[in-house]
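The values are calculated or read from the model by the stated rules, or taken from the named source; none is laboratory data. Remember, predicted model here, so these are calculated numbers, not experimental data. Neighbour counts run over all protein chains shown; Cβ positions are idealised from the backbone, glycine included. What goes into the accessible areas is simple: the full protein's heavy atoms, side chains included, and nothing from ligands, DNA or RNA. Shrake-Rupley method; radii C 1.70, N 1.55, O 1.52, S 1.80 Å.
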Amino acid sequence: MSIRDNAKELLKELPLNAYGEKVTVVAAVKFRTVEEIQEAIDGGIEAIGDNHVQEFKEKHDSIVGASRQFIGHLQTNKVKYLIGKTDLYQSLDRWDLVEELDKRSKRAGIVSNVLVQINIGCEESKGGFPLEEGEAAAEEIEKREGLHVLGFMAMLPISDDEAYLASLVRKMRSLYDTFRKSHPDVKYLSMGMSGDWKLCIENGSNMIRIGTALFGKRPGY
Ligand SMILES: *Cc1c(COP(=O)(O)O)cnc(C)c1O
């Protein structure tokens, strides 16, 4: 199947999540060409998520008709290249990045939309705030003039234990629901990739980031 058909099929079969909410699909586009990305957009994909600043910059002017988001680990010295060009930063995972993004946004006279990344599996290899600190962190970030919190993002650890993974998604949903009570603009819980998106939306995620299932295997993997 073509990328366009993959996208159409995925969007057609995508159910509402456990809370009856519509699920937003973000195409994870690392190592994909502009042509491949445009095909996904033609197939109905409304949001594009980049991992690498260099790729984001190279493709920025060529990609039209979709929300541009950043989903990968972001080095503070590269924030300046994304300012004003990114609709949503999904991977706000540490304080020095909060400081830099806030500072650069204010300097540009804009407010940047962010998701607070949580290290839900407590993994050394992943970024993000600890779950216990998630609410206080989001509260503090929302106070920054240059930043606006629209929700939370997390990546599940690798495990065959579906009950355990489901429990982690539900913990994230609980954080999301708690924070949303006092911050009505909050609307995204971004959890789910090609291998685990069904489990994630069955347990309360409303945004998924899909690479392989749309584009096929990544080149070089
Ligand atoms: C690559 C990537 C994805 C998508 O992964 P697939 O398994 O290919 O669907 C999702 N989120 C992030 C942050 C990624 O880097």
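Close contacts from segment 199-221, counting a first residue that is near the ligand (Cβ under 8 Å from one of its atoms) and a second that is open to solvent by 30 Å² or more (accessible area, probe 1.4 Å) and basic (K, R), with Cβ to Cβ under 8 Å and a gap of 6+ residues or different chains, come to G211/K30; G211/R218; T212/R218; R218/K30.
If you scan segment 151-182, which residues turn out to be of a type in the set (A, V, I, L, M) and either touching a residue at least 12 places away in the same chain (Cβ under 8 Å) or assigned to a strand (DSSP E or B) (or both)? Break it down stepwise before answering.
Going residue by residue through segment 151-182, those that are of a type in the set (A, V, I, L, M) are 153-156, 158, 163, 165-166, 168-169, 172, 175.
M153, A154, M155, L156, L165, A166, L168, V169, M172, L175 - these are the residues of segment 151-182 that are of a type in the set (A, V, I, L, M) and either touching a residue at least 12 places away in the same chain (Cβ under 8 Å) or assigned to a strand (DSSP E or B) (or both).
The set of residues from segment 104-120 being open to solvent by less than 10 Å² (accessible area, probe 1.4 Å) and more than 16 Å from the ligand (Cβ to nearest atom) comprises S105, S112. Being over 22 Å from V25 (Cα atoms), open to solvent by less than 10 Å² (accessible area, probe 1.4 Å), of a type in the set (A, V, I, L, M, F, W, C) and more than 16 Å from the ligand (Cβ to nearest atom) holds for only one residue in L101, L97, and it is L101. Can you pull out the residues in segment 1-21 that are in a helix (DSSP H, G or I) and surrounded by fewer than 16 Cβ atoms within 10 Å (Cβ to Cβ)? Selection gives D5, E9, L11, K12, E13. Residues in segment 22-44 that are within 13 Å of the ligand (Cβ to nearest atom) and part of a loop (DSSP other than H, G, I, E, B): V29, K30, F31, R32.
Looking only at segment 183-212, filter to residues that are β-branched (V, I, T) and outside any helix (DSSP H, G or I); which one of those is farthest from the chain's Cα centre (by Cα)?
Filtering segment 183-212 for residues β-branched (V, I, T) gives 186, 201, 208, 210, 212.
Then keep just the ones that are outside any helix (DSSP H, G or I); that gives 186, 208, 210.
On the way: V186: 14, I208: 7, I210: 10 Å.
If we take residues in segment 183-212 being β-branched (V, I, T) and outside any helix (DSSP H, G or I), then V186 is farthest from the chain's Cα centre (by Cα).
Here segment 22-48 is the region considered, the condition is being open to solvent by 60 Å² or more (accessible area, probe 1.4 Å) and in contact with a Ser or Thr (Cβ under 9 Å, 6 or more places away or on another chain), and the residue that is farthest from S205 (Cα to Cα) is E39. A single entry from H60, H73 fulfils the requirement of being in contact (Cβ under 8 Å) with a residue 40 or more places away in the chain and open to solvent by 10 Å² or more (accessible area, probe 1.4 Å): H73.
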